[in-house]
Amino acid sequence: MYGIIAFLRKFYFAVLFVVLEIISLIFVFSNNYYHEAGYFNSSNKIAGTVYSAYSGVTTYFNLKKVNQQLADENARLLHLASEIKDTSAHKKIPKTNPFGQEFNFILAEVIDNSTNLPNNYITLNGGSDQGIGEGMGVISPEGIVGVVVKVSSHYSVVMSLLHKKALVSAMFKKSGTFGTLSWGEKMDYRFATLAQIPMSEKVRVGDTIVSSGFSNTFPKGIMIGEVESVKEIPEQYFYTVRVKLSTDFKNLRYVYVVSDLRKIEKEKLEDDAANGLNEKAK
């Protein structure tokens, strides 16, 4: 108690000043709407800034969840698109696939990736337990990515399109003229080379290149890229086309592994036909 009295005696004027300031502020804001409004506006502005900053932080940490949701939605839409029935009179739906679905799209996340080597690979966090198998094509929302070459229960390794042995049957979207797409020798992750395009084809810079669908790896019409430049090879009567890839291989996060549900049926028919012709040849 004596300590408090001693403190008040020592700091009497300072304490009195603070008390009078508080009283004056109360009178100002309780009787002056202008100052009261200014006070609350300032408070709201500060609170708004704090809440905006908080929202920005929480949004940043929720990006992975949001990306996952978007990727799941893309996979669902791909499924729906593949289930659209062809109403053409000549096409019959196989009994083993009553919904007419030809492809299954399995979502996977990229956990390792290289782009600057002669032979590049991509590791996914999905394997045989998720339905992924060797030989399946891999695409992204932007276009073709590569082909699965190794699989374990929970992981898979993809031979990237940026690989010397990677070959894709590609075609011009506008005409259907096709050739073989491979990665260029300059090891630039942005470009690939489309060969065996006849010089009768009218090739223009900006033309769209897509998958031909002639293999069991990729569906027809998957985006690959656009024509960057054209080089004539007169002695062979072909063009060599430089293609700017639509897939940004340095920023791959989520991909879709493509399972061809009719692959076994198609391959068996082709093998039977080849074996039959070989038997006749004997």
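FYI, it's all coordinate maths here, none of it is from the lab. Small disclaimer: the values here were computed from a predicted structure and weren't measured. Methodologically, a virtual Cβ is constructed for each residue, glycine included, from the backbone with ideal geometry; neighbour enumeration extends over all protein chains shown.
For the residues Ser160, Ser246, what sequence is obtained by ranking on other C-beta atoms within 10 Å, fewest first?
Least crowded to most crowded, the residues run Ser246, Ser160.
Taking neighbour counts of Cβ atoms within 10 Å as a proxy for exposure, in what order, fewest first, do Arg253, Arg242 appear?
Ascending number of Cβ neighbours within 10 Å: Arg253, Arg242.
Each residue of the stretch 209-214 in turn: what ³J(HN,Hα) in whole Hz from Karplus with 6.51, -1.76, 1.60 and θ = phi - 60°, glycine and Pro shown as x?
So the J values, rounded to whole Hz, are 10, 10, 6, 7, x, 7.
Taking the Cα centre of the stretch 103-260 as origin and charging only Cβ (+1 Lys, Arg; -1 Asp, Glu), how large is the dipole, in debye to the nearest 20?
So the dipole magnitude of the stretch 103-260 works out to roughly 260 debye.
I want to make sure I understand the PRE zone here: with the label point 7 angstrom from the Cα of Met187 toward its beta carbon, which residues in the stretch 98-139 have backbone N atoms less than 18 Å away?
What the label zone holds, given the 18 Å backbone N cut-off, is 113-122.
Can you pull a Stokes-Einstein diffusion coefficient for the stretch 103-260 at 20 °C (1.002 mPa s), Rh from Kirkwood over Cα pairs, as a whole number of µm²/s?
D = 137 µm²/s.
Could you calculate the FRET efficiency of Lys268 with Gln196 from 1/(1 + (r/R0)^6), where r is the beta carbon distance between them and R0 is 30 Å, rounded to 0.05?
0.55
Need one number: nm distance between label points at Ser175 and Glu102, each 7 Å from Cα along Cα→Cβ, rounded to one decimal.
The modelled label-to-label distance comes out at 2.4 nm.
When Asp260, Asp188 are ordered from fewest to most other Cβ atoms inside 10 Å of their Cβ, what list results?
Sorted ascending by nearby Cβ count, the order is Asp188, Asp260.
Ordered by residue, what ³J(HN,Hα) values in Hz, to whole numbers, does the stretch 148-163 give under the Karplus form 6.51 cos²θ - 1.76 cosθ + 1.60, where θ = phi - 60° and Gly and Pro are x?
Result, ordered by residue: 5, 10, 9, 9, 10, 4, 10, 9, 8, 10, 10, 6, 5, 4, 8, 9 Hz.
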